[in-house]
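Below is one structure, written out as structure tokens; the observations come after it.
The values are calculated or read from the model by the stated rules, or taken from the named source; none is laboratory data. Note that the coordinates shown come from a computational prediction; the quantities given were computed from them, not determined experimentally. Don't worry about glycine lacking a Cβ; one is built from the backbone with ideal geometry, like all the others, and counts go over all protein chains shown.
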Amino acid sequence: ILAQAWRSKHDTTLRYRTPPPFPPSTMQPQKTRSIADTIDELGVGLAQIRGVALSYGVWFVGPFGIGLGVVITVFLANELHLSRAERASLASMGYLGLILGTACGGPAGDYFGRRTPILASYMLMMVAGVLTVLSSQLWYLLVTRVICGFAFGLGCAPSVALASELSPRYSRTIIQASRNMFYGTGLLLGGLVALIDDPWYRSMHWRLDTLSCIIPGLAFLVLAYLFLQESPAALAQMGCRKEAREVLEEIKRLNGKPEVDVALDSDAAALPTAAAKPTLEAQIRVIFGRQLFGSTVTLVFVVFTLNTVLYGHLYAFPLIATSDTTSTMPPAHQNLIQGLIGFAVNLIGVFASFVVSRRFLLVFGLCIGIGGMVLFAWSGRILNRTEFQSAVYYLAQNAPGTCSAFGYIAAYQLSVDLYPVQVASTAAGIILAAGKVGCVISPFLFAVFHDWTRFYNLLALMGGVALVMSLSLLQFTPWSEQASKGAGERTPLVQDKP
């Protein structure tokens, strides 16, 4: 809504549609109008609210389970007397499944459409929750963790692509920022369930807590099945022009824009081979082609760093907080405070994305993470802290969440916008899946360092490398703008034929 207001104030081309002052026969040839142009004219309204809420529900249900699962891991590790390696393995199995699910969800979103993998993700997350409740042995828990992670990952890339393609281009950064709100709310509620059960994580009813994750998954599954629309751009690329027109008509109705023409008269010229299915090899050639190679590699490392920082902190902090020598506050209270601060930071990120560029969001997030984690490690070494040192300790422990909140807004949106629509979901899947490797290795990195402060110094160093790569190699101009300027006209698209 804020984006629509800003655009209506600064862009007069859509507000004033007067007849041409000269006959059509004397006019210059018009630029073909794409589906993205049509959605720009339809604006932001009820259609975007509904589509974004139902697609980003994946980012609420999954983190709900993650926030609760991290706490349950700490409890079960103590109950089963697991070693440091076994504890790290239990935490990493879920992230391994997340990698596999994200790697499968990206291509599936391009091949079957964005909607189908999202529905499958909701369903699998419910099944995984039931299987986890039935777990009784360590190996069974490891298997169910893989399934849980796979279910969440399956819907990640398609949901990012769908929310972006249903929204006007001028509002996509704000839409991406709202994804962090779903993620942060899921983590917050997962931590709240653990707080209600046992603030010290010592006598938890973990099976009953896990069952609570099934309720939001069921609600989102039913609502998404009934109301979630497919991406019109993806439908057009698959040759389903009639269905794409129907989706645009529905957006037109929900947004109250009866004057907008949603006919796809120019798409036939824009998509001469729309019915052809792209091959994975052809998609890889585009994603890692000469024009996009530097940006792809940079985004992979940036997302890898952000995931290592966020999930490493999610794993490490409950262990640090439950140590009486480090903190005397109940760990559930500390998690709740972090969750509330994270929610506020995500809300600030939504408004920040409205007024600042993606470059600024990414650079700012990485700088906050680097400085905050260094301060957290410094203050954590001090046993008898002064009031100032205690304030630094409790404030700096929020730096990893703040870093990821701002960094994800820019990185995840760029993982879709920098690529042609034919490969957008696959590109997002590759970048997100490669980045999720950081989720897997972060518990083992923490286990390697006997001094936890060195772990956070390593995370700060990784953030510095990501910052340098972002400033030197990463493009920030969306593909649609590059193509309109002629920069991307002859990059080999996946459906080009001789």
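Quick check on my filter: what residues within the range 460-480 are of a type in the set (A, V, I, L, M) and within 11 Å of GLY294 (Cα to Cα)?
MET469, LEU473, LEU474
Is the range 121-139 home to any residue that is outside any helix (DSSP H, G or I), among the hydrophobic types (A, V, I, L, M, F, W, C) and in the same structural domain as TRP206 (by the TED database)?
yes
Just one of GLU79, GLU41 is over 24 Å from ALA427 (Cα atoms), free of Cβ contacts under 8 Å to residues at least 24 places away in the same chain, outside the structural domain of SER415 (by the TED database) and acidic (Asp, Glu); which is it?
GLU79
Search the range 194-205 for residues that are under 15 Å from GLY69 (Cα atoms) and pair each with any residue that is surrounded by fewer than 18 Cβ atoms within 10 Å (Cβ to Cβ) and among the aliphatic types (A, V, I, L, M) when their beta-carbon atoms are under 6 Å apart and the residues are at least 6 apart or on different chains.
These pairs meet every condition: LEU195/LEU336.
Considering the range 216-238 alone, what residues qualify as being at pLDDT 90 or above and not in a helix (DSSP H, G or I)?
Of everything in the range 216-238, those that are at pLDDT 90 or above and not in a helix (DSSP H, G or I) turn out to be LEU228, GLN229, GLU230, SER231.
Taking SER167, is it among the small types (Gly, Ala, Ser) and in a loop (DSSP other than H, G, I, E, B)?
It is true that SER167 is among the small types (Gly, Ala, Ser) and in a loop (DSSP other than H, G, I, E, B).
Look through the range 108-123, keep the residues that are under 17 Å from the mean Cα position of the chain (by Cα) and hydroxyl-bearing (Ser, Thr, Tyr), and return whichever of them is nearest to LEU218 (Cα to Cα).
Once the filter is applied, the top-ranked residue is TYR122.
In this structure, is ILE287 hydrophobic (A, V, I, L, M, F, W, C), modelled with pLDDT of 85 or more, within 26 Å of VAL437 (Cα to Cα) and in the same structural domain as ALA447 (by the TED database)?
The answer is yes for ILE287.
Take LEU362 and decide whether it is at pLDDT below 90, in a helix (DSSP H, G or I) and outside the structural domain of ARG87 (by the TED database).
In short, no.
To keep it simple, each residue is scored yes or no on (1) in contact with a helix residue (DSSP H, G or I) (Cβ under 8 Å, 6 or more places away or on another chain); (2) crowded, with 20+ Cβ neighbours inside 10 Å; (3) at pLDDT below 75.
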{"site": "PHE22", "(1), (2), (3)": "no, no, yes"}
{"site": "SER34", "(1), (2), (3)": "yes, yes, no"}
{"site": "LEU42", "(1), (2), (3)": "yes, yes, no"}
{"site": "TRP59", "(1), (2), (3)": "yes, yes, no"}
{"site": "LEU68", "(1), (2), (3)": "yes, yes, no"}
{"site": "LEU76", "(1), (2), (3)": "yes, no, no"}
{"site": "ARG87", "(1), (2), (3)": "yes, yes, no"}
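Where in the range 375-440 are the helices (runs of 4 or more DSSP H), entirely inside, with at least 2 residues that are crowded, with 24+ Cβ neighbours inside 10 Å and not assigned by the TED database to the domain that holds PHE182?
399-417, 424-435
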